[in-house]
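A short reminder: the numbers here are calculations on the coordinates, not readings from a lab. Not measured: the values here are computed from a predicted model. Here the Cβ positions follow ideal geometry from the backbone for every residue, glycine too, while neighbour counts run over all protein chains shown.
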Amino acid sequence: MGIFDFVKSVGKKLGVVDDEAPEAAELKKELDSHKLGTDKVEVEVQGDKVVLKGEVADQSAFEKAVIAVGNTLGVSKVEAGELKVADAGGETSEPVFYTVKKGDNLWKIAEANYGKSNGAKYTVIFEANKPMLTHPDKIYPGQVLRIPAL
């Protein structure tokens with residue numbers, strides 16, 4: 001699990017300047033504010049790329065950490081090759097992410113990822129992206145969501 005791409009020009013604004021990546025301390029504070037169990041995670045900023053190092057408790061925390069910093073204005077890539085999963089037991093799966101397009105909603109995203117008759121599974125996607133998502137209707141083009149397996 002290495003480098004993940006994001007849309008640099010969209011996301012939550014943390015810094016003062018619009019097109020620059022926020023400082024590492026600001027990103028770490030934002031990451032920790034979600035209470036994902038990222039106490040042992042270090043955040044480093046290299047231009048518009050963020051490097052995550054350290055350890056998280058599980059696969060869910062790994063994926064949420066990646067999207068929490070990646071969905072920040074000024075960040076175009078997140079490198080997580082040095083971010084380890086504590087309880088992986090040697091098994092980690094490649095995360096599935098989806099970049100929201102204009103006109104998307106969670107129902108359409110669920111049908112695209114789980115099959116035509118599974119739009120009602122949008123709640124699985126919503127729950128998988130909490131606490132970064134606060135309401136199922138509050139998604140925006142360019143935002144990256146994690147898509148959990150059913």
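Annotation for the stretch 36-96: trypsin sites (Lys or Arg not before Pro) lying in DSSP loop with at most 13 further Cβ atoms inside 10 Å of their Cβ are K40.
By its C-alpha gyration tensor, with a ≥ b ≥ c as the square roots of the eigenvalues, how is the stretch 3-85 shaped: rounded for a/c under 1.5, else prolate for a/b larger than b/c, else oblate? Let's see the in-between values first.
Values: a/c = 1.85, a/b = 1.59, b/c = 1.16.
Prolate.
A Cβ-based charge dipole, computed about the Cα centre of the chain with Lys and Arg at +1 and Asp and Glu at -1, lands at about 600 debye.
Considering only E94, E30, E42, the Gaussian network model of the chain with Cα springs below 10 Å gives its largest mean-square fluctuation to E94. For the residues N113, N129, N71, a GNM of the chain with alpha-carbon springs under 10 Å puts the largest fluctuation on N113.
Taking 16 Å as the straight-line reach from the Cα of K35, the aspartates and glutamates in range (excluding those fewer than 8 positions away in the same chain) are E26, E55, D58, E63, E127. If only the Cβ of Lys and Arg carry +1 and only the Cβ of Asp and Glu carry -1, the dipole of the stretch 97-146 around its Cα centre is close to 80 debye. Backbone phi angles across the stretch 124-140, fed through the Karplus curve with coefficients 6.51, -1.76 and 1.60 (θ = phi - 60°), yield HN-Hα couplings of 5, 5, 4, 4, 5, 10, 6, x, 5, 9, 10, 8, x, 8, 9, 10, 9 Hz in residue order; Gly and Pro are listed as x.
Taking amide hydrogens as placed 1.01 Å from N in the peptide plane, the amide H of F4 sits under 5 Å from those of V78, E79, A80, each at least 5 positions away in sequence or on another chain. In the chain, taking the dipole from charged Cβ atoms about the Cα centre, the farthest positive-side position among V43, I125, S60 is held by I125. For K29, the lysines whose Cα comes closer than 24 Å to its Cα, not counting residues fewer than 8 places off in the same chain, are K8, K12, K13, K40, K49, K53, K64, K77, K84, K130, K138.
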